[in-house]
There are 2 protein chains.
Amino acid sequence: NYEPLDTAKFEYKWQWAYQEKFEKAGLMALLGSGFDPGATNMFTAYIAKHYFDEIHYLDIIDVNGGDHGYPFATNFNPEINIREVTAECRHWENGEFVTTPAMSLKQSFTCPDGVGSYNIYRMYHEELESLTKHFPSLKKAQFWMSFSDNYLKHLEVLGNVGMTGIEPVEYEGQQIVPIQFLKTLLPDPSTLGPRTKGKTCIGCVVRGIKDGKEKTVYLYNICDHQECYAEVQSQAISYTTGVPAMIGAKMMVEQKWMKAGVWNMEQLDPDPFMDDMNQHGLPWKVIEEPGYDLV
Amino acid sequence: NYEPLDTAKFEYKWQWAYQEKFEKAGLMALLGSGFDPGATNMFTAYIAKHYFDEIHYLDIIDVNGGDHGYPFATNFNPEINIREVTAECRHWENGEFVTTPAMSLKQSFTCPDGVGSYNIYRMYHEELESLTKHFPSLKKAQFWMSFSDNYLKHLEVLGNVGMTGIEPVEYEGQQIVPIQFLKTLLPDPSTLGPRTKGKTCIGCVVRGIKDGKEKTVYLYNICDHQECYAEVQSQAISYTTGVPAMIGAKMMVEQKWMKAGVWNMEQLDPDPFMDDMNQHGLPWKVIEEPGYDLV
């Protein structure tokens, strides 16, 4: 990670700056090969390659319908969760990133295959930076993530009382960082896996032009927390992040993608990657004209 | 306070047990001379004395419409607040106390004189114990307190994550009591006074029989947080608690109430106390047939 620690903004420019050095050294770097970014970049590239002459609108929708049964718990560092929901939103529109207040745009999204309906919030996510660069035909690109009312309520209250603070406060002569103390109270993340039920549903809705006609395509993967846990003793969040990382490495090792330089996923051929998603536990489906009424 | 520390149940029996000893020693003890209990016992006794032959239904309604402008803060030990809203409810009905789950009965109450409408929750409060003993004609007696949705949300979340726990947890080799640490994060209670706006409205709705006819009487005091602060540099919660304590002592010192034994307020003549309420900053009003539609 080449970002400065104290101003992490999920920017690729720190990594893109190494393009020439890597090329000269004959080395390859593959950027962001998780699920989102990663699989979502592949989904977009695959849709663009096979379904469109030109893509104009992109909505990446990340729904986690998992329920661990605790009132509040987190898989990750709660600091990261809080930064997610308090960071200003940026989306791509008419050639530039537009900034809006954090969590200020929300809509309901009904996942396919009975996964259910969830509130999704527009937010910034790092694949928007590379996808809008590599698909300059995009007029608008947005990222959406689901958050439950209960989750947001807990983050709001914990923020209100200062429990998410990262500055130490003095307590009985000791310096205590509130969010570190909070972590000791929350359920151990390692206990969440076996308890988490439900599914993730992450995909891309792309609108564009094919043979002069406008069309919309949705490509998505659904992943079941309990099935993941049964297979690898970890739930779908880890599974969906780890498998694409493995496939990305596999593409390089198998020489399907190997070339010197620093590359985002969508700069490489999506077909072998998408084939391997189907082979390695992350099967995906396409719905043409899904009929979503997204803002 | 004669209650055992670890099973505090706001019971008078520990104090009533001293009745004979105090009587023999020629000493007087006056129990519960705050606002509620205290003024509310006087309100009930005054209504019973002047408006009814027999009182049948009593609703004590404690509304605090104050707003300190913080997302969450508390005047008291948050432990006490939490015990209040998590304690099982008890109300008097047909000769016995009936237990119901905490905060399970809620209704909206519109205060007189433009103080506003608030959600009030039925809960146990200690004056119910003495009032139902000393007014055995009561068929039903209930206590209600207002809580804002925001306040309850904060208590719920803080409880959920364990921040209200009173058992120490180990953090970096030190034993830390979560609720004690929470206190260090919350606004200093002494800063609330000057910021708190709005009014308290505490009173008693009594239904009973006078001259063979059923009637309803509401007697209440409204107290303005900012006016209290201007007068005594403390807001209405302290003011409404402190002034009745002073008046109770005054009744004893002036020999209006002095007699050996242990007494609840309503066992003594309410008239001089109620006169002094009007003289000392806690004026009260009576509404006959207020038209409330209380459950």
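The values are calculated or read from the model by the stated rules, or taken from the named source; none is laboratory data. All values reported here derive from a predicted model rather than from experimental measurement. Glycine gets a Cβ as well: all are built from the backbone with ideal geometry, and neighbour counts include every protein chain shown. Accessible surface areas use protein heavy atoms only, side chains included; no ligands, DNA or RNA. Shrake-Rupley method; radii C 1.70, N 1.55, O 1.52, S 1.80 Å.
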Practice problem: Please specify each residue of segment A:154-197 satisfying the condition of being more than 9 Å from chain B (Cβ to nearest Cβ), surrounded by 15 or more Cβ atoms within 10 Å (Cβ to Cβ) and among the small types (Gly, Ala, Ser). | Solution: A:Gly193
Quiz item: How many residues does segment A:1-31 hold that are open to solvent by less than 50 Å² (accessible area, probe 1.4 Å), modelled with pLDDT under 95 and not in a helix (DSSP H, G or I)?
Solution: 5
Practice problem: Within segment B:243-269, count every residue that is surrounded by 20 or more Cβ atoms within 10 Å (Cβ to Cβ), of a type in the set (A, V, I, L, M) and assigned to a loop (DSSP other than H, G, I, E, B). | Solution: 1
Quiz item: With respect to B:Val217, is the statement that it is within 14 Å of another protein chain (Cβ to nearest Cβ) and open to solvent by less than 60 Å² (accessible area, probe 1.4 Å) true?
Solution: no
Practice problem: Could you list, in sequence order, all residues of segment B:270-295 that are assigned to a loop (DSSP other than H, G, I, E, B), touching a residue at least 60 places away in the same chain (Cβ under 8 Å) and open to solvent by less than 50 Å² (accessible area, probe 1.4 Å)? | Solution: B:Leu282, B:Pro290, B:Leu294
Self-check item: Residues that are modelled with pLDDT of 90 or more and of a type in the set (A, V, I, L, M), drawn from segment B:156-178
Solution: B:Val157, B:Leu158, B:Val161, B:Met163, B:Val169, B:Ile176, B:Val177
Quiz item: A:Gly242: small (Gly, Ala, Ser) and over 17 Å from the mean Cα position of the chain (by Cα), yes or no?
Solution: no
Exercise. Could you list all residues from segment B:223-241 that are open to solvent by 40 Å² or more (accessible area, probe 1.4 Å) and not in a loop (DSSP other than H, G, I, E, B)?
Key: B:Gln226, B:Glu227, B:Tyr229, B:Ala230, B:Glu231, B:Val232, B:Ser238, B:Thr241
Exercise. Being within 14 Å of another protein chain (Cβ to nearest Cβ) and either open to solvent by 60 Å² or more (accessible area, probe 1.4 Å) or not in a loop (DSSP other than H, G, I, E, B) (or both) is the filter; apply it to segment B:52-99 and report the residue that is nearest to B:Ser234 (Cα to Cα).
Key: B:Tyr70
Self-check item: Residue selected from segment B:14-64 under the condition in contact with a Pro (Cβ under 8 Å, 6 or more places away or on another chain) and among the hydroxyl-bearing types (Ser, Thr, Tyr), by the criterion nearest to B:Val286 (Cα to Cα)
Solution: B:Tyr46
Quiz item: Which condition breaks for B:Thr200 when tested against (1) facing chain A (nearest Cβ under 10 Å); (2) of a type in the set (S, T, N, Q); (3) under 27 Å from the mean Cα position of the chain (by Cα)?
Solution: (1)
Quiz prompt | Total residues in segment B:111-152, condition within 14 Å of another protein chain (Cβ to nearest Cβ) and either assigned to a strand (DSSP E or B) or open to solvent by 50 Å² or more (accessible area, probe 1.4 Å) (or both) | solution = 3
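Against the condition in contact with an Asp or Glu (Cβ under 9 Å, 6 or more places away or on another chain), surrounded by 15 or more Cβ atoms within 10 Å (Cβ to Cβ) and over 11 Å from B:Glu127 (Cβ atoms), how does B:Tyr46 come out, does it pass? So that I can check it myself, show each step before the final result.
Details: in contact with an Asp or Glu (Cβ under 9 Å, 6 or more places away or on another chain): yes; surrounded by 15 or more Cβ atoms within 10 Å (Cβ to Cβ): yes; over 11 Å from B:Glu127 (Cβ atoms): yes.
Yes: the conditions hold for B:Tyr46.
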Quiz item: Quick check, is B:Gly203 at positive phi and not aromatic (Phe, Trp, Tyr)?
Solution: no
